[in-house]
Amino acid sequence: KATVSVLNCAGGWTYPTLSFSAKVTHPMMPSTTASSRSFSLLAMCAAAAAASPPHLMLVLTDDQGWHNVPWLNAEQNVMPGDQALKSLVETEGVKLDRMYAFAWCGPTRSSIMSGRFPSHVTENNAGAIDDTGGGVDMRMKLLPEKLKEAGYYTFIVGKWHLGARADVQLPINRGVDHFFGMLTGMGDHYSYASNAASGYTDLWENDGPAYGKGGEYSCDLYTAEAVRVITAHDASVPMFGFVSHQCPHSPYTAKEKYMNMEIDDTGRRIFQAMSTCVHESTVNITDALKAKG
């Protein structure tokens with residue numbers, strides 16, 4: 001039975017934000033230059049009797065730097081979205097600074113969704129639909145499957161990257177009631193043309209292509225879909241949501257509204273803007289959850 005520690009479930013959904021930066025250590029990368037990931041975890045609880053299961057929301061960012069969060073880096077705390085997340089974390093959250101992730105995105109997702117160390121599930125970062133490696137072994141149950149058995153409504157928005165060679169590997173066949181996003185490991189943030197699927201558009205909804213639903217920057221598109229699902233959800237049914245952003249994973253493109261123009265280096269400016277987008281996304285998703293209560 002899924003549980004989450006909260007301070008008060010008496011007056012509505014509570015929304016403590018648990019944010020943590022995950023240092024990555026890898027034998028091929030010196031510790032002084034190791035890449036890192038950051039994650040933001042939102043834990044939500046429905047107002048009901050103590051025995052009622054809580055609502056759960058997990059927000060994952062992709063290839064974000066250890067220092068690219070507003071509570072660690074003043075340069076990343078300039079834009080409104082950054083400042084809003086910093087305020088949320090400091091007033092309603094808990095900071096964990098000893099969380100460690102795998103060096104690549106696919107094994108990290110596989111680990112989170114399977115509950116196993118990457119060495120026990122997969123260390124293969126295969127991203128293409130026709131790749132034989134990568135993803136989670138079909139003999140392993142995923143987190144959405146376990147929560148669905150406990151009576152949860154489950155949805156995933158964003159990047160799947162857990163295997164898609166056959167229909168049985170699709171999210172809707174692995175415990176996910178609603179899926180909207182990409183199946184592979186990397187694609188254009190506007191056209192959704194996949195680098196891992198020979199340039200074909202990789203934007204999927206449940207059991208087929210999401211025709212006519214692209215055109216927006218990926219971070220904004222996934223945020224809007226998450227907010228839509230949350231807003232439409234029957235709060236009497238426990239919900240698990242996983243917002244799995246591709247940002248700030250390559251290709252490195254960002255909307256001007258998220259850019260801090262005081263940063264001279266173009267690459268740095270774009271990467272931080274991509275991080276700002278997921279920071280603002282986390283705040284917007286939290287606001288949507290608050291509005292339900």
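May I ask you to derive the FRET efficiency for GLU256 and LEU96 from their Cβ-Cβ distance with R0 = 35 Å, giving the value to the nearest 0.05? All intermediate terms of the calculation are to be shown ahead of the outcome.
Values: r = 33 Å, r/R0 = 0.93.
Result of the calculation: an efficiency of 0.60.
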Among 135-147, 241-253, how do they line up from the highest to the lowest mean number of other beta-carbon atoms within 10 Å?
241-253, 135-147
If eta is 1.002 mPa s and T is 20 °C, what Stokes-Einstein diffusion coefficient results for region 118-269, Kirkwood Rh from Cα pairs, in µm²/s?
130 µm²/s
Each label point is 7 Å from the Cα along the Cα-to-Cβ direction; what then is the distance between the points at ARG269 and ASP207, in nm?
4.8 nm
For a protection proxy built on the mean count of beta-carbon atoms within 10 angstrom, sort 210-216, 66-72, 221-227, 275-281 highest first, please.
275-281, 221-227, 66-72, 210-216
Heavy-atom surface of region 208-293, accessible at 1.4 Å and reported per residue (Å²)
40 Å²
Spin-label proximity, ALA150 to region 221-260 - amide N less than 19 Å from point 7 Å beyond Cα toward beta carbon
234-243
Considering Cα pairs under 8 angstrom that are at least six residues apart, work out the relative contact order of region 169-293 and quote it in whole percent.
21 percent
Just the number please: accessible area per residue for region 65-153, 1.4 Å probe, all protein chains included, in Å².
52 Å²
Quote the relative contact order of region 227-283 in percent (integer), defining contacts as alpha-carbon pairs under 8 Å separated by 6+ residues.
32 percent
Take peptides 181-194, 258-271 and line them up by average Cβ neighbours within 10 Å, highest first, as a rough protection proxy.
181-194, 258-271
On a full-extension model of 0.36 nm per residue, what is the gain between ALA224 and ASP167, subtracting their alpha-carbon distance, rounded to one decimal in nm?
17.9 nm
Residue-ordered couplings for region 96-111, obtained by feeding phi - 60° into the Karplus form 6.51 cos²θ - 1.76 cosθ + 1.60 and rounding to whole Hz (Gly and Pro as x), are 10, 10, 10, 9, 10, 10, 6, 6, 10, 6, x, x, 4, 4, 4, 5
Could you tell me what a quarter of the Cα convex hull surface of region 218-277 works out to, in nm² with one decimal place?
4.6 nm²
Among region 55-70, those whose backbone N falls under 20 Å of a label point 7 Å along Cα→Cβ from SER87 are 69-70
Proximal aspartates and glutamates relative to LYS141, as straight alpha-carbon distance under 12 Å, when same-chain residues fewer than 8 apart are discounted
GLU149
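The values are calculated or read from the model by the stated rules, or taken from the named source; none is laboratory data. Note that the structure is a prediction, hence the values are computed from the model and not measured. We place every Cβ from the backbone using ideal geometry, glycine too, and count neighbours over all the protein chains shown. With ligands, DNA and RNA removed, areas are computed over all heavy atoms of the protein, side chains included. Shrake-Rupley method; radii C 1.70, N 1.55, O 1.52, S 1.80 Å.
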